[in-house]
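To keep things clear, I will list the structure first and then write my remarks on it.
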Amino acid sequence: MRDLIGRLVPTQAGLGYIVLVATAAAYLIVYTSSLGRFPTSFDYLSILNTMLPLVFVAIGQSLVVLTGGIDLSVGGIVSLCVAVTATTVTGTGIAPFGWLIVVLVLGAACGAINGVIVAAGRIAPILATLATLSIFTGLALWVLPVPGGSIPSVVRNVLSNPNVPTGLIWLGVAIGGWLVLRRTRFGMRIYAVGSDETSARAVGVPAGRVKLGVYALSGLCGALASVFYVSTTTAGDANAGAPFILTSIASVVVGGVAFTGGRGSALGAVAGAVALTLVIDVLFFAGIDPLYQSLFQGLFLVVAVLLGTVATLVARRRRAAA
Amino acid sequence: MNLHRYGRLLVAAVALAVVAACGSPASETPATQAAGTGKLKIALSNSFIGNQWRVEMENVFKAACAMPPYVDQVECSVFNAGNDVSTQSRQISNLISQGVDGIVINAASTSGLNGVVQQACDRGIVVVSFDNTVDAACGLTVNTDQVKFGQQLAQFIVDELNGQGKVIMVTGVAGTGADNDRNKGAMEVFAANPGIEIVATYSGMWDSATAQRATSGQLPSLPKIDGVWVSGGTDGVIKAFSAAKRPMPVVGGEAENGFRKYMAGILTPKVNGMSIGQPPFLSVISLELARGVIKKEHPKESITIPFPVVTSDTLVPGETVFPDLPDSFFADFTDSGPNATVILCQQAATDGTPCPGKTLDVNFGKR
């Protein structure tokens, strides 16, 4: 009997999928009951294109959280890369894609700076990335003082085509990238450092290098998010990154990645990010008074996190009983 | 292997959604459904709702929707997104799916909504943005001329002082378009009048408390001041002069109810001044423009409306200054005078309830 109950309650890692499935079901229900028809390809496409930036930032954030850290500077990195993308990526044919690579390198470099401060400087990640957040945001304002800029339509057609779901390809690439990464030596070391850094060091895991790598990857993910952001909105804004700080952390939490590090998966964070995007739509079609929307978004987070805690407790008790 | 089990669930859900999508292929053109039959659907998509101005702006919109002619012609809805571009973008996408006829926007970012606004335009939805407008070329805008704001207040001060005197300028939040434009307009006028000497320029951050603190700090080192030009937080500046027992200068400032109370002599000392503001009823003008364009009663073009202006001599309690409302209230939620753009009552701005027995008449005409 106990075994059955244990099996019905999700483990923390599975939480993100449960929340996602529940939110997706809720979306389909409120949408059809509100409009009397199923969502159209326009709805799916616009959801896909709007959520991609958050999905990328959430993957980066989850890597950092898996090592027991946190990256507040994603907001600044996204802002800076959005500003650079909107001002520099021009031209036709192949040229814009060359510039996109420059932006990705810039993002990774920004992340690597965080990594150096955290790993070599031994400064708490929350402090280090809070400081770099301000620096990157300031640089973004310097690059693009007033919202504007543009993106060549060739980039838009390839990245977030408003008529063809090209975004699915990139979503697949991101998920595939994670599935490969976690089977590499580097991927296993991320978990090792997050579970117990001291033991990991004792068995010869270069914890500093792993951290440097994770923050650089988080920066790279931030840059990818920026590219998709500019591609979707067709322009830049030096304040674009700010909302991603909290939403990426929320995605990681909903996705069941443990803040103590070592437990969870980037896929969970992806599920969390999609769920968070869908919640906006659920509230919209449920006809919730706009004044209370942020209240309900908060409640959603609390419930999701509570579910995670309950799941962990049950799992622990199950393990103790076994 | 819990992960895989949930993974399979996920795949199932996605498959379900895709099947659902394929099951309803013919409903790609939702925008035109409501047109012609019954009421027009017009939605207000606002970014954040964290200050007095935004609250009044939404209240007058709701009030207008409950008054003729809108109550019979338009079905309104209101959405707030916070300062998050992706949330506002999702909401506008959903409005497109809902098949609204018009969307009225105060944007979280002037550039961040270009993509989704273009999609709305492509589906024949009339998009009107105001205050913080959207760049997308296909959308219409309703706004005021901020350079003129600076010029008009400065010209008033120059005229009242007969072109001679010492003036201070209290500016707004640096780095914003409106602050730049307002200051530019004022500087033009002051520079053209060599008898005017600007003895101090500092920021009041468009906030009464900040403006009062900054002014109190500056006053001891300043000579007798003849005129004050204020971009925002005007009542704070007056309170600082009053507290320092300085003679009251001529004041050109924003539309805070507190400032107008001083101008009307409801608060003492009585101030000689001119009050201009970014009117919260821009939302109502945008509603009218959207309605008119959809019904083909207006040409499809953007509008710049004149600022509602009052001076100490033209103030009327209950119409342009409100003795029982707080100082922080923006008293320009309604226009006044024979050529008024739109006239609204007090409860429209405070509660969002309709003005009893009134038909709204919006006048786009130039003064």
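The values are calculated or read from the model by the stated rules, or taken from the named source; none is laboratory data. Computed from a predicted model, the values in this text were never measured in an experiment. Neighbour counts are summed over all protein chains in view; Cβ atoms, including those assigned to glycine, are modelled from backbone coordinates with ideal geometry.
For this structure, a couple of remarks:
- Restricted to the range A:142-160, and to residues there that are part of a loop (DSSP other than H, G, I, E, B) and either away from chain B (no Cβ under 14 Å) or touching a residue at least 12 places away in the same chain (Cβ under 8 Å) (or both), the residue that is nearest to the chain's Cα centre (by Cα) is A:Ser160.
- Residue count for the range A:231-241 under the criterion of being more than 13 Å from A:Val154 (Cα to Cα) and more than 14 Å from the chain's Cα centre (by Cα): the result is 7.
- Only one of the numbered conditions (1) assigned to a helix (DSSP H, G or I); (2) at pLDDT 85 or above is violated by A:Leu295, and that is (2).
- Residues of the range A:273-322 satisfying the condition of being within 26 Å of A:Arg37 (Cβ to Cβ) and of a type in the set (Ser, Thr, Tyr): A:Thr277
- The set of residues in the range A:161-174 being loosely packed, with under 15 Cβ neighbours inside 10 Å and in a helix (DSSP H, G or I) consists of A:Leu168, A:Ile169, A:Gly172, A:Val173.
- Taking the range A:302-313 as the range and being modelled with pLDDT of 80 or more and crowded, with 18+ Cβ neighbours inside 10 Å as the test, only A:Ala304 passes.
- The residue that is nearest to the chain's Cα centre (by Cα), counting only those in the range B:295-329 that are farther than 30 Å from B:Leu40 by Cβ and among the aliphatic types (A, V, I, L, M), is B:Val309.
- Residue that is within 13 Å of chain B (Cβ to nearest Cβ), out of contact with any Asp or Glu (no Cβ under 9 Å at 6 or more places or on another chain), closer than 19 Å to A:Ala22 by Cα and assigned to a helix (DSSP H, G or I), where the choices are A:Thr309, A:Thr277, A:Thr232: A:Thr277
- Some residue of the range A:218-240 being in contact with a Gly (Cβ under 8 Å, 6 or more places away or on another chain), crowded, with 21+ Cβ neighbours inside 10 Å and over 28 Å from A:Gly98 (Cβ atoms): no
- Filtered by the rule that a residue be outside any helix (DSSP H, G or I), within 18 Å of the chain's Cα centre (by Cα) and surrounded by fewer than 20 Cβ atoms within 10 Å (Cβ to Cβ), the range B:145-174 gives B:Asp145, B:Val173.
- Looking only at the range A:40-50, and only at residues there that are at the interface with another protein chain (Cβ under 8 Å from one of its Cβ atoms) and surrounded by fewer than 24 Cβ atoms within 10 Å (Cβ to Cβ), the one that is nearest to A:Val210 (Cα to Cα): A:Ile47
- Among the residues of the range B:55-98, those identified as under 30 Å from A:Ser231 (Cβ atoms), out of contact with any Leu (no Cβ under 8 Å at 6 or more places or on another chain) and in contact (Cβ under 8 Å) with a residue 40 or more places away in the chain are B:Gln91, B:Leu95, B:Ile96.
- Boolean, B:Gly292 is at pLDDT below 95 and either within 21 Å of the chain's Cα centre (by Cα) or surrounded by 24 or more Cβ atoms within 10 Å (Cβ to Cβ) (or both): yes
- From the list A:Gly272, A:Gly268, the one residue that fits, being surrounded by 24 or more Cβ atoms within 10 Å (Cβ to Cβ), within 12 Å of another protein chain (Cβ to nearest Cβ) and farther than 21 Å from B:Val78 by Cβ, is A:Gly268.
- Members of the range B:190-213 found to be in contact with a helix residue (DSSP H, G or I) (Cβ under 9 Å, 6 or more places away or on another chain) and in a helix (DSSP H, G or I), listed by number: B:Phe190, B:Ser208, B:Ala209, B:Thr210, B:Ala211, B:Gln212, B:Arg213
- Scanning the range B:104-133 for residues that are more than 10 Å from chain A (Cβ to nearest Cβ) and surrounded by 24 or more Cβ atoms within 10 Å (Cβ to Cβ) returns B:Val104, B:Ile105, B:Asn106, B:Ala120, B:Ile125, B:Val126, B:Val127, B:Val128, B:Ser129, B:Phe130.
- Sole exception among (1) modelled with pLDDT under 90; (2) within 8 Å of chain A (Cβ to nearest Cβ); (3) within 25 Å of B:Lys300 (Cβ to Cβ) for B:Asn83, by number: (3)
- Residue in the range A:178-185 that is more than 25 Å from A:Leu52 (Cβ to Cβ) and loosely packed, with under 14 Cβ neighbours inside 10 Å present: yes
- Candidate set from the range A:244-266 (those that are among the small types (Gly, Ala, Ser) and not in a loop (DSSP other than H, G, I, E, B)); member that is nearest to A:Val214 (Cα to Cα): A:Ala266
- Residue within the range A:281-299 that is buried (at least 19 other Cβ atoms within 10 Å of the Cβ), closer than 24 Å to B:Asn114 by Cβ, facing chain B (nearest Cβ under 10 Å) and touching a residue at least 24 places away in the same chain (Cβ under 8 Å) present: yes
- Unique match (being closer than 19 Å to A:Phe244 by Cα and either part of a helix (DSSP H, G or I) or among the β-branched types (Val, Ile, Thr) (or both)) among A:Gly177, A:Gly115, A:Gly98, A:Gly107: A:Gly107
- Subset of the range B:29-46 [more than 11 Å from chain A (Cβ to nearest Cβ), modelled with pLDDT of 80 or more and buried (at least 16 other Cβ atoms within 10 Å of the Cβ)]: B:Leu40, B:Lys41, B:Ile42
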